[in-house]
Every structure is written in C-alpha cells, then in structure tokens.
Amino acid sequence: MRVWLSIVCSVWAAFAAPAVAQDYGDTPYVQTPQVVVDKMLEMAKISSKDYLIDLGSGDGRMIITAARRYGARGFGVDLNKSLVTLANRNAARMGVANRAVFYERDLHETDITQADVLTIYLLPEVNLMVRPRILALKPGTRLVSHDYGFGEWQPDVEIVMDAPGKPVGRDQKSKVMYWVVPTQVAGKWVWQGPAGLYELQIDQVFQKITGTLSAGGKRVSLDKAALTGNNISFEAVLDRGRHEFTGKVINNAIDGDMRVTGAAGTTQAWNATRTELRDARFTDLTPGITAR
Ligand SMILES: C[S@@+](CC[C@H](N)C(=O)[O-])C[C@H]1O[C@@H](n2cnc3c(N)ncnc32)[C@H](O)[C@@H]1O
C-alpha cells in the first residue's frame, strides 16, 4: 500500500499544474477534472442554502462551482499559499468572492462543524485521519469524495465515471462517493401502539442498521432498515400485516408514522423513547489511526 501510495504521489507530482512548483501537506496537488466536480456537487444535491467546506481546496474549483452554479456559500483550506491566492483570485474573477473564500490553513486544524457539505479529494490514509471528526458532525451532514473512501464506512452511493483530462491514472476514470453522517440510533426503543407495547432493538455499524421489533407477543426481524442522517425507516411483518415505519431520531426520541399496508391500510403516529443506549460501531475501527 505504502509503495503504491508513493508511486501515486510521484505520478501526481509529475502531472501537477505547472503553476505549482511544490507539494505541501499530506496529499499532493492534483486537480479534480471539472466534469467530476460537477458530478460531485450534483450527487451532494447542493442548494443555495448549503454551506460547503473543501478540505485541500487547490485552485478553488469545488467551492467556486458550488457558488456559481447553485448560489451556495463556503470556504476551502489549503496549505499551499500560492494555491490559496489563486483560488481567491479565481473566486473574484468569477464574481463569487463574497460566497467562496479560501484560507491558508491545515485541514487538520480547521473547524468543520459549520459544514452542511464536505468535499474531499485526499489520499485514503488522510481520509481516515479526518473520519472521526466527520462522524462527530451533525447528523445529515453530506460528504462527497473523489476517488478515495473512508475505510469500513461504506458510501451510500458510489459511481465510476469518465474523467477526460484527469492528470493521474491510466484509464481516465474517477470514482465519486457520497455519504450522509448518521445519527446514533443503536439501543432499545419502546412505545405504546395498537398492539400494546412495542420494543425495537437496533444494532448499528456506521449508517447500516439491523434489529428486531417485538409487539403483541411476536418478535420479528426488521426488513429494509435504513438510516439517512436522522431519518430512520424499516418494515416489519406483525399480526395485522406488513408495517412500514418512518421516523426522525432526535437524541433519545423517535417521532414518526407507522403505515399498515394492505386493503385496510392505516397510518398512525409512533413516538418511541430510548431506554437503553448501545454502542454503535461508529468510531475509528482502523488500528493505528488515531483521531486528531
Ligand atoms: C488532490 S488535491 C485536491 C485539490 C482540489 N480539492 C481539487 O479537487 O481539485 C489535494 C490538496 O490538498 C492540499 N493539502 C494537502 N495536505 C493538506 C493539509 N494538511 N491541509 C490543507 N491542505 C492540504 C494540497 O496542497 C492539495 O492542494
């Protein structure tokens, strides 16, 4: 892996934009092709309400494109002073200097808590260093990464696309991955409903959830269980048929709707309280990588 990384780094360095004479920090400068920038922003479903942070912002293309195309706001950080100057100059030239700002700053020292969306094109080991801080962001924060993932935290969406003009790699392809920071939902939840006491047990590995639902003397596994930020959904076959649950998790409460499917379909509210908190496999599981 290390040999491969150093080969990648030297190839990247060789192809870096001529204006950049030196690499800084822990990932060398390589531009994301504009077509990939466009796809990343599309996958992150950017709107004018979003605040973006680009870690290792290069010539500023990610935040500048988000500002120009979607009216979003944000900032980028980079250790390379000349790239920061170039990015701010590009933002001014494109008329978005009031919405896209760039700072000479170490990404590991940058406060990212303001982000609605994080954009990243960094080496995989750097992603793993940042991962604990990303998982601690507010649930629902979106993350989009070019080419490299975040270890065992599997993306919600992953595509491979043509990347003409990409300065690295033989096949002119890019991988784009998208995640939503999940809330911590693991534990035991209870509420009263039509079948009496309902008891929901949830296990969690990042955004992947599994579990069981007990009600009316019956205990069944959850089907189609999903967690996106604060939003939970699952299905369970109980006495009156298939039940579809959707809800919003706010700390130790879930408020949502339960729909019983079939001819006599009904919808009613469910309001659960967490009575036992369980560890989610959420924090860093990768040996040798520590949170900064
Ligand atoms: C692969 S380039 C990506 C540039 C840009 N985001 C893009 O996609 O076109 C990585 C960038 O991260 C910057 N970088 C590396 N380590 C950094 C650190 N610790 N703090 C801030 N920037 C860093 C490099 O200077 C480089 O510009």
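The values are calculated or read from the model by the stated rules, or taken from the named source; none is laboratory data. As the structure is a computational prediction, the values presented were derived from the model and not from experiment. Using ideal geometry, Cβ is built from the backbone for each residue, glycine included, and neighbour counts are taken over all protein chains shown. When the accessible area is computed, the model is the full protein with side chains, heavy atoms only, and any ligands, DNA or RNA have been set aside. Shrake-Rupley method; radii C 1.70, N 1.55, O 1.52, S 1.80 Å.
Worth pointing out:
- Criterion violated by residue 147 - all others in (1) within 30 Å of residue 268 (Cβ to Cβ); (2) in the same structural domain as residue 78 (by TED's automatic domain parsing) satisfied: (1)
- Residue check for residue 197: in the same structural domain as residue 241 (by TED's automatic domain parsing), among the hydrophobic types (A, V, I, L, M, F, W, C) and modelled with pLDDT of 95 or more: yes
- Extreme residue, nearest to the ligand (Cβ to nearest atom), among residues of the range 72-95 that are within 21 Å of the chain's Cα centre (by Cα) and open to solvent by 10 Å² or more (accessible area, probe 1.4 Å): 78
- Pairs linking a residue in the range 122-142 that is without any contact (Cβ under 8 Å) to a residue 40 or more places away in the chain to a residue that is buried (at least 19 other Cβ atoms within 10 Å of the Cβ) and of a type in the set (Gly, Ala, Ser), with Cβ atoms under 7 Å and 6 or more positions apart or on different chains, are 127/145.
- Within the range 46-65, the residues that satisfy the criterion of being within 14 Å of the ligand (Cβ to nearest atom), over 17 Å from the mean Cα position of the chain (by Cα) and among the small types (Gly, Ala, Ser) are 57, 58, 60.
- Criterion (open to solvent by less than 80 Å² (accessible area, probe 1.4 Å) and farther than 18 Å from residue 135 by Cα) met by exactly one of 237, 249: 237
- Complete set of residues in the range 96-105 that are away from the ligand (no atom under 11 Å from the Cβ) and surrounded by fewer than 17 Cβ atoms within 10 Å (Cβ to Cβ): 97, 98
- Extreme residue, nearest to residue 42 (Cα to Cα), among residues of the range 57-84 that are outside any strand (DSSP E or B) and basic (Lys, Arg): 69
- Against the test of being in contact with a strand residue (DSSP E or B) (Cβ under 9 Å, 6 or more places away or on another chain), within 16 Å of the ligand (Cβ to nearest atom), touching a residue at least 24 places away in the same chain (Cβ under 8 Å) and open to solvent by 40 Å² or more (accessible area, probe 1.4 Å), the options 208, 175 yield a single qualifying residue, 175.
- Matching residues, the range 106-149, being open to solvent by less than 10 Å² (accessible area, probe 1.4 Å), in a strand (DSSP E or B) and more than 14 Å from the ligand (Cβ to nearest atom): none
- Any hit, the range 158-177, residues being of a type in the set (Ser, Thr, Tyr) and under 20 Å from residue 38 (Cβ atoms): yes
- Only residues that are in contact with a strand residue (DSSP E or B) (Cβ under 6 Å, 6 or more places away or on another chain) and open to solvent by 10 Å² or more (accessible area, probe 1.4 Å) were counted across the range 178-190, and they come to 5.
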